[in-house]
Amino acid sequence: MSEGPAARRLRYLQAMGIPLWVPRERGASTPATAVSEPSADGSGGDEGLGWDELQAQVAACTRCGLERTRTQAVFGVGDRRARWMFVGEAPGADEDRRGEPFVGRAGRLLDAMLRAIDLERGQVYIANILKCRPPHNRDPLPEEVACCEPYLQRQVALAAPALIVALGRIAAHNLLKTQTSLGGLRGRVHRYGPQGIPVVVTYHPAYLLRSPGEKRKVWEDLCHARRVVAQADDDAAH
C-alpha cells in the first residue's frame with residue numbers, strides 16, 4: 001500500500017530529528033509582525049539584467065577578490081518564479097565544487113526541512129548572500145557582502161517571491177541590516193526591499209547538524225513561514 005501524505009510528513013520530520021509534532025490549538029495567536037528597514041534599492045548596479053545575463057555576470061565576477069580562491073561561483077538553484085526563496089550565508093567546499101548551494105549533509109537536511117512542509121527543492125529558489133566560497137569557510141567580510149549584494153537584490157527582484165526564509169545569523173543580519181540576535185529575530189515577520197517582501201528567520205542547516213536539539217525550533221519557524229505564505233495567498237485572492 002502506498003504511503004499517504006501524513007505518513008510521508010512524519011517520516012521527513014523524523015529525518016530532521018523531530019519524532020513527533022503536536023499541532024497548536026485552533027485560534028492560537030501568532031507572533032506580532034515586526035517591520036525592519038528595507039535593504040538598499042532592490043536592484044543594485046545590475047538592474048535590467050535577466051536571469052541568464054545575471055548568472056553569466058556572477059560567473060565572471062571579480063568584484064571582491066574571492067574569484068582567486070574559488071573553484072566556481074555558486075549562483076543559485078530552483079524555480080526562478082518560486083513563492084518561497086531561501087537565502088543562506090555562502091558556499092562551502094561541497095558547493096564550491098558542485099556549483100550548487102546547499103549540497104552535502106547540510107543540503108540533505110534542508111531537503112528534509114522542505115519536505116516536512118510539503119515542498120521539494122525544485123519548487124523553491126535557493127541562493128546565498130555570497131556567491132563565492134570564502135577561504136576556509138570563514139565568515140563573509142563586509143566588503144565582500146557589499147560587492148555581492150546587488151546580485152542577490154536582482155535575484156529577489158526577478159523571482160519576486162512571496163516569502164524569503166533567512167537561514168542563519170549571517171543571512172539574517174545582512175538581509176535585514178540588523179545585529180539583533182537570531183533568537184530575537186525568530187517568530188516575527190520582517191520586510192526586505194522596496195516591495196516589502198516578508199522575511200522569516202531560522203537556523204542554518206549546518207548549525208542544526210552541530211546542535212540537533214534546535215531542530216524543533218526550525219520546525220516551528222517553518223510552520224510560521226507557511227502561515228505567512230498562506231496569508232499572502234488569501235490576501236491576493238481577496
Any idea which residue in the range 72-113 is surrounded by the most Cβ atoms within 10 Å (Cβ to Cβ), counting only those that are without any contact (Cβ under 8 Å) to a residue 40 or more places away in the chain and in contact with a Pro (Cβ under 8 Å, 6 or more places away or on another chain)? Pro101
Could you list all residues from the range 44-71 that are surrounded by fewer than 17 Cβ atoms within 10 Å (Cβ to Cβ) and either in contact (Cβ under 8 Å) with a residue 60 or more places away in the chain or not in a helix (DSSP H, G or I) (or both)? Gly45, Glu47, Gly48, Gly50, Trp51, Ala60, Thr62, Gly65, Glu67, Thr69, Thr71
So Gly104 clears everything in (1) at pLDDT 95 or above; (2) out of contact with any Ser or Thr (no Cβ under 8 Å at 6 or more places or on another chain) except one condition, right? Which one? (1)
Which residues, counting only those in the range 114-124, are in contact (Cβ under 8 Å) with a residue 40 or more places away in the chain, in a helix (DSSP H, G or I) and not small (Gly, Ala, Ser)? Arg115, Arg121, Gln123
Run Leu130 past the list (1) over 13 Å from the mean Cα position of the chain (by Cα); (2) assigned to a loop (DSSP other than H, G, I, E, B); (3) of a type outside the set (Phe, Trp, Tyr) and report the number of the one that doesn't hold. (1)
If you go through the range 140-152 one residue at a time, do you hit one that is out of contact with any Lys or Arg (no Cβ under 9 Å at 6 or more places or on another chain) and outside any helix (DSSP H, G or I)? yes
Over the range 121-179, the set of residues within 17 Å of Ala59 (Cα to Cα), β-branched (Val, Ile, Thr) and surrounded by fewer than 23 Cβ atoms within 10 Å (Cβ to Cβ) is Val145
The range 175-203 residues that are free of Cβ contacts under 8 Å to residues at least 60 places away in the same chain, paired with ones that are of a type in the set (S, T, N, Q) and assigned to a loop (DSSP other than H, G, I, E, B) (beta carbon under 8 Å, 6 or more apart): Leu185/Thr178; Tyr203/Ser211
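The values are calculated or read from the model by the stated rules, or taken from the named source; none is laboratory data. Here the structure is a predicted model, which is why all the values come from computation and not from measurement. Ideal geometry is used to build each Cβ from the backbone, glycine not excepted, and the neighbour counts take in all protein chains shown.
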